[in-house]
Structures are given as structure tokens and as C-alpha cells.
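Rule-based calculations on the coordinates, nothing more; no lab input. None of the values given here were measured: they were computed from a predicted structure. Backbone-built Cβ (ideal geometry, glycine too); neighbour counts: all protein chains shown.
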Amino acid sequence: MKFVKLPIEGAFIIETEENKDERGSFSRQFCKKELFDCGLDFDIKQCNISKNYKKGVLRGMHYQKEPYSEIKIVSCFQGSFFDVIVDLRRTSPTYLKWCGVQLSAQNNKMTYIPKNCAHGFETLQDNTIIYYQVSQDFMPDYYAGIRYNDPKLGIQWLLPEPHIMNARDANYPLI
């Protein structure tokens with residue numbers, strides 16, 4: 001696994017090493033030791049799958065409030081999507097900054113999203129399947145979000161609006 005720093009403090013792209021032969025391929029999706037060696041302490045509490053039927057689905061920007069904030073490792077099993085992180089940590093040098101990474105079933109990249117960062121994505125293909133490894137149990141009373149199109153953040157989504165989204169995500173508060 002190769003760890004590449006993103007512009008958000010503590011966020012990374014994790015590039016997996018795919019081993020191929022005549023049978024197909026094999027790659028490691030998670031290695032606690034390699035994460036720890038990179039200075040990342042991550043225990044998986046949940047694994048989630050998001051199936052998105054259409055290009056243009058936008059989900060986000062979600063996070064879980066303290067004391068149940070969560071770390072996420074996000075990857076793409078099928079299709080492709082634009083993965084976005086917003087830093088909500090007031091003491092961080094990258095507070096209220098955002099970055100986006102294109103993840104696909106072909107590029108073998110994952111995002112490591114630190115605690116207290118909002119996360120969202122837009123699908124770039126029909127039938128995109130996204131896999132989450134999460135460090136915290138889901139706590140509905142601590143689940144929150146911020147508006148995906150907040151002018152203060154200025155997230156530059158790859159696809160033009162309107163996106164396919166639910167009312168909750170479309171109506172989260174502005175920062």
C-alpha cells in the first residue's frame with residue numbers, strides 16, 4: 001500500500017498494489033500494520049456498501065459529531081465517483097478547506113478520511129458501488145451534515161446540477 005497526502009490535514013489517498021496473473025488480480029484492501037506504520041491508528045467497527053444506480057447521484061456532506069466522530073476508508077468496487085472531504089476541525093490548518101479525488105474500480109485508490117471531516121460523493125457512472133470501512137458505530141443522534149453547495153466552501157463538483165439526491169442532503173444547513 002502506498003500513502004499519498006491530500007491537501008486536507010491527515011487525509012490520504014491509499015493506493016493498493018494489484019498483483020495480476022492469468023487468473024486475474026489480487027490486492028490488499030486493508031492492513032492495520034501498514035496504516036499504523038504510516039501513523040494512522042484505525043480500528044474497523046463497520047463496513048458499509050452504497051449502491052448508486054445512476055450517474056449524478058450526490059450523497060453528502062455527512063459526518064458524525066463528537067464523541068462519535070469517525071474515520072473512514074472509502075473505495076470503489078464498481079463504476080467511478082468523485083469523493084469529497086471537507087475539514088470541519090476548527091484547530092486544523094486546513095479548516096473549511098475541501099479536496100476531491102476520483103475513485104474507480106480501475107484505479108485501485110481509496111481515500112482515508114480523518115475524524116471530524118465531512119464526506120460526500122457524486123457518481124460519475126451508472127451502477128457505482130462504494131465500499132466504506134468505518135471506525136465508529138453508526139449513532140443516529142450524532143449524525144449530521146453540511147450543504148453540498150455551500151458558497152463558503154465552494155466545492156467544485158465535476159457534474160453540472162441538478163444532482164440526484166434526497167431532501168435531507170439537499171437541505172442541510174450552510175456553514
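Per residue, how much space in cubic angstrom lies within the convex hull of the C-alpha atoms of the chain?
119 Å³
Using θ = phi - 60° and the Karplus relation 6.51 cos²θ - 1.76 cosθ + 1.60, list the HN-Hα couplings for region 45-59 in order, rounded to whole Hz, with x at every Gly or Pro.
For region 45-59, the Karplus curve yields 10, 9, 10, 10, 10, 10, 9, 10, 7, 10, 5, x, 5, 10, 10 Hz.
Among LEU58, LEU6, ASN107, which residue has its Cα furthest toward the positive end of the charge dipole of the chain, with +1 on Lys/Arg Cβ and -1 on Asp/Glu Cβ?
Positive-end residue among those listed: LEU58.
List the extent of the Cα atoms of region 58-143 along each of their three principal axes, largest first, rounded to whole Å.
35, 27, 20
Under 8 Å for C-alpha pairs, at least 6 residues apart: give me the relative contact order for the chain, rounded to a whole percent.
After rounding, I find 30 percent.
With Cβ to Cβ distances under 12 Å as the rule, what net charge do the other residues near ILE130 carry (K, R +1; D, E -1)?
Neighbourhood net charge equals +1.
Quick one: of the DSSP bridges fully inside region 54-175, what percent are antiparallel, nearest 5?
95 percent
Given H placed on each backbone N at 1.01 Å, which residues far from LEU6 in sequence or on other chains put an amide H within less than 5 Å of it?
Amide H to amide H, under 5 Å and 5 or more residues apart or across chains, LEU6 pairs with ALA11, PHE12, ILE13.
Rounded to whole Hz and in sequence order, give me ³J(HN,Hα) for region 118-123 from the Karplus expression 6.51 cos²θ - 1.76 cosθ + 1.60, θ = phi - 60°, writing x for Gly and Pro.
Whole-Hz 3J(HN,Hα) from phi for region 118-123: 7, 9, x, 7, 10, 7.
Can you list residues whose amide H is under 5 Å from THR94's amide H, if they're 5+ apart or on another chain and H is modeled 1.01 Å from N?
Sorted by chain and number, the residues that satisfy this are GLU9.
What is the gain in length, in nm to one decimal, between ALA105 and LYS65 on full extension, counting 0.36 nm per residue of separation less the C-alpha to C-alpha distance?
The ALA105-LYS65 span can extend by a further 11.4 nm.
What Kirkwood hydrodynamic radius, in Å, does region 115-172 give when the mean of 1/r is taken over all pairs of distinct Cα atoms and then inverted?
Over region 115-172, the inverse of the mean reciprocal pair distance is 13.7 Å.
Report the residues of region 36-56 in range of a label on ASP137: point 7 Å along Cα→C-beta, backbone N strictly under 20 Å from it.
Hits in region 36-56 for ASP137 at 20 Å: 42-49.
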